[in-house]
Ligand SMILES: C[S@@+](CC[C@H](N)C(=O)[O-])C[C@H]1O[C@@H](n2cnc3c(N)ncnc32)[C@H](O)[C@@H]1O
């Protein structure tokens, strides 16, 4: 039987994690793949899709970004909101917390300078989710996706992401029209943090002007 990584699963998982080590969760550093890739971008408007404890949202907001942070786990959002308030009013006021289901939640078209979606289980089609998130990126903006692959290619063993469907390089690349998107990175990379196996890392820039569509 396939495990259901649905709202109730994540709500229970967050409730337990926050009950048992809420302080540590609040202090988790932002994802180094993301921070390395976007540190030089001028602050703008960002979407953190599936933000969880929101380390990346808070890192961006502290650097001057205005962030829409979406998750369907209310306990994670409540914890993240109180972490933001503890950091300071300037950070807290830059974040809009949205309790929403990414199965249907759709970003405002072309609105965001940066859309990130890190380690989110996809209940439906990965290509469809990637395509829907990509519609939110403004011309010249950045799409940054990371998915923990379920099998470690070095050993063939199941990883902690086994049973989940997360972003893969093939599905993401298939969803991004090369006339509209420049791929900066699209490859599996060894995991820099805990857990075995590799991460699919997709860093793409939406072209300001589509290519190859003259005439
Ligand atoms: C493994 S956590 C990753 C959290 C964060 N992005 C990070 O990198 O640390 C996955 C998050 O995705 C959220 N999530 C999974 N499916 C979702 C959906 N359909 N809609 C909204 N949030 C979802 C979960 O609630 C959880 O907070």
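Can you list, bin by bin at 10 Å, the percent of alpha carbon pairs in the range 93-169, starting at 0?
18, 44, 27, 11, 1
I need the Kirkwood Rh of the chain: take the reciprocal of the average 1/r across all distinct C-alpha pairs and report it in angstrom.
Values: mean 1/r = 0.0567 Å⁻¹.
Result for the chain, one decimal place: 17.6 Å.
Between residue 63 and residue 8, what is the spin-label point distance in nm, taking each point 7 Å from the Cα along the Cα→C-beta axis?
For the pair residue 63/residue 8, the computed spacing is 3.9 nm.
Taking the DSSP beta bridges in the chain as the whole, what percent of them are antiparallel, to the nearest 5?
Bridges in the chain are about 45 percent antiparallel.
Hey, in the GNM for the chain with a 10 angstrom Cα cutoff, which one of 176, 116, 60 fluctuates hardest?
Largest GNM mean-square fluctuation: 176.
Coordinate-derived values only; no laboratory data. Not measured: the values here are computed from a predicted model. Cβ sites come from the backbone with ideal geometry, for glycine too, and all protein chains shown count toward neighbours.
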